[in-house]
Amino acid sequence: MRITDAKVIVTCPGRNFVTLKIVTEDGVSGVGDATLNGRELAVASYLTEHVAPALIGRDAARIEDTWQYLYKGAYWRRGPVTMSAIAAVDTALWDIKGKVAGLPVYQLLGGRSREGVTVYGHANADTVDDVLVEVARYADLGYKAVRVQTGVPGLDTTYGVSGDKLFYEPADAAIASEATWSTEAYLNSVPGVFARVREEFGPGLKLLHDVHHRLTPIEAARLGKSLEPHALTWIEDPVPAELQEGFRLIRQHTTTPIAVGEVFNTIWDCEQLVREQLIDYIRATVVHAGGITHLRRIFDLAGLYHVRTGSHGATDLSPVCMAAALHLDIAVPNFGLQEYMRHTPETDAVFPHGYRFEDGYLHPSEEPGLGVDIDEELAAQYPYRPAALPVNRLLDGTMHSW
Ligand code: EZ4
Ligand code: CO
């Protein structure tokens, strides 16, 4: 079954998304997410100029061979742009294979390992008092797990805190906005926040926190230690993960579990952290880590080392990525948690999908393939708008990781 068309669709129903739609000679189509927040057009161009022409005429059934062709065949390996483009092709081909087989993709991955995919939502507010209200809102919606982010006294803005509580989107300006940061103020405020939340909600609710790459290993060790009495499910991205041996230091000091990987692109980014058992959850995603084929490989490696999955699921990962993630989440033996930030009604209308939330769980679609589509006519009504992620500076003006 030959590929006859590979179309790149850029749309902005409130935020930008890049989607690849592959069509075969039999008229079967598949979709893949290629969105890279703040760098969307780089991936769109990579796909349009360098990938789509090579897909025409290829056998759509050859998913693994196509993956290897695009990975090894580019010569220039890895990196978020390349791997998001490969992910989009891979995801679309799994969608097509499911439709041809008449099966939801999770059945092709070995079938169900669980009844539903446990997800966590984002409670955020400037103050502790206000965040308690937000956590309660998620608990009332049935969530079993909640990520908690609050403002830091002394800082004007803080990562993870937004005006719109259900639909947080940090890429908020055409030219990157500037945030400020103080590690001292942050480390002084976070333990008290979790003491209050735990006191209010008891031991049953899973609590998580995203540090968003801002600390050094010894600072992260202090944070992890100070949070131990509040039994977090994880702290996320405590330090930037380029220097992975640094995580050994955190491990020596704290039993607070660690989750890393939302900016990882390949199994090679994950390998040391997993093999040395320096993390507890691997957060790589379908769209940024080479698609279903490659993420399955990462998850299998993680399983050997007691590392569970905890895939990124912010709003910049489109419903196409979320649909694909759920098929993997329901199938793999070492699933842990799935992040789930709700998309706006405008986004949901552009990407009609069959997955659904119920009582703290997401359920993948039972339709053949991924069970998600793109409404191209509606997508065309929302032209691309430049939007960058913020940058971050210390109070003295020094650039810091955002
Ligand atoms: O900052 O997806 O865990 N979630 C996150 C996100 C990321 C955005 C970047 O595009 O860290 O909020
Ligand atoms: Co994160």
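Each reported figure results from applying straightforward, stated rules to the coordinates on display, with no laboratory input. Being a predicted model, the structure only gives us computed values, none of them experimental. Here Cβ is always computed from backbone atoms with ideal geometry, including for glycine, and neighbour counts include all displayed protein chains.
What is the chain's relative contact order, in percent, from Cα pairs under 8 angstrom and six or more apart in sequence? Working shown, then result.
Values: 901 pairs, mean separation 92.8, N = 402.
Once normalised by length, the contact order is 23 percent.
Assign one of three labels to the range 319-402, namely rounded, prolate or oblate, based on the Cα gyration tensor with a ≥ b ≥ c the square roots of its eigenvalues; rounded applies when a/c is under 1.5, prolate when it is not and a/b is larger than b/c, and oblate otherwise.
Working: a/c = 2.94, a/b = 1.40, b/c = 2.11.
Since a/c reaches 1.5 but b/c is at least a/b, the shape of the range 319-402 is classed as oblate.
Ala174 versus Tyr384, label points 7 Å from Cα toward the beta carbon: distance in nm?
1.4
Using mean Cβ contacts within 10 Å as the protection proxy, how do 114-120, 139-145, 206-212 order, highest first?
Working: 114-120: 18.3, 139-145: 16.4, 206-212: 22.1.
Listed from highest to lowest mean packing, they are 206-212, 114-120, 139-145.
Tally the DSSP beta bridges in the chain and give the antiparallel ones as a percent, rounded to 5. If you can, show how the numbers build up before the last one.
Working: 23 of 49 bridges.
So the antiparallel bridges amount to about 45 percent of the total.
Which aspartates and glutamates does Lys97 reach when only Cα atoms under 20 Å apart count, and residues fewer than 8 places away in its own chain are ignored?
Asp5, Glu25, Asp26, Asp33, Asp59, Glu64, Asp65, Asp329, Glu366, Glu367, Asp373
Using a cut-off of 14 Å between beta-carbons, work out the net charge of the residues near Val274 (Lys and Arg +1, Asp and Glu -1, Val274 not included).
Working: positive: Arg248, Arg251, Arg275, Arg283, Arg297, Arg308; negative: Glu245, Asp269, Glu271, Glu276, Asp280, Asp300.
Around Val274, the charge tally is 0.
Starting from 0.36 nm per residue, how many nanometres of slack lie between Arg297 and Ala101 once their C-alpha separation is accounted for? Intermediate values should be presented prior to the final figure.
Working: separation 196, 0.36 × 196 = 70.56 nm, distance 2.24 nm.
Using 0.36 nm per residue and subtracting the Cα-Cα distance, I get 68.3 nm.
Which FRET efficiency value, to the nearest 0.05, is calculated for Arg356 and Arg251 with the Förster distance at 41 angstrom and r the Cβ-Cβ distance? Please report the intermediate quantities before stating the final value.
On the way: r = 38 Å, r/R0 = 0.93.
Computed FRET efficiency for Arg356 and Arg251 comes out at 0.60.
For the chain, modelled as a GNM with alpha-carbon contacts under 10 angstrom, which of Asp172, Asp237, Asp164 fluctuates the most?
Highest fluctuation among the options: Asp164.
Excluding residues on the same chain fewer than 8 positions from Lys144, give the lysines whose Cα lies under 19 Å from its Cα.
By straight Cα distance, Lys144 reaches Lys165, Lys206.
Just in the range 198-293: which GluC sites (Glu not before Pro) are loop by DSSP and have at most 10 other Cβ atoms within 10 Å? Please list the in-between numbers first.
Working: sites: Glu199, Glu200, Glu219, Glu236, Glu242, Glu245, Glu262, Glu271, Glu276; in loops: Glu242, Glu245, Glu262, Glu276.
The qualifying sites are Glu242.
If you project the alpha carbons of the range 3-104 onto the principal axes, what extent comes out on each, in Å, largest first?
Computed over the range 3-104, the largest-to-smallest principal extents equal 36, 35, 22 Å.
Which value results when the Cα radius of gyration for the range 208-287 is divided by 2.2 N^0.38 Å? Provide the component values of the computation, followed by the final result.
Numbers: Rg = 11.5 Å, N = 80, 2.2 N^0.38 = 11.6 Å.
Working it through for the range 208-287, the quotient is 0.99.
Fewest first, what order do Ile56, Ile298 take by the number of other Cβ atoms within 10 Å? Let's see the in-between values first.
Numbers: Ile56 12, Ile298 24.
Fewest to most other Cβ atoms nearby, the residues stand as Ile56, Ile298.
What whole number of Å gives the distance from the Cα centroid of the range 337-366 to the Cα centroid of the range 36-88?
A separation of 26 Å, based on Cα centres.
Specify whether the C-alpha gyration tensor of the range 1-56 places it in the rounded, prolate or oblate class, a ≥ b ≥ c being the square roots of the eigenvalues: rounded for a/c under 1.5, otherwise prolate if a/b is larger than b/c and oblate if not. Don't skip to the end; give the middle numbers.
Values: a/c = 3.50, a/b = 1.72, b/c = 2.03.
Oblate, since a/c reaches 1.5 and b/c is not below a/b.
Taking the simple approach of a point 7 Å from Cα along Cα-to-Cβ for both Asp59 and Ala349, what is their distance in nm?
Label at Asp59, label at Ala349, 4.3 nm between them.
Give the whole-number value, in cubic angstrom per residue, of the convex hull volume spanned by the C-alpha atoms of the chain. Walk me through the numbers on the way to the answer.
On the way: hull volume 51.4 nm³, N = 402.
Value for the chain: 128 Å³ per residue.
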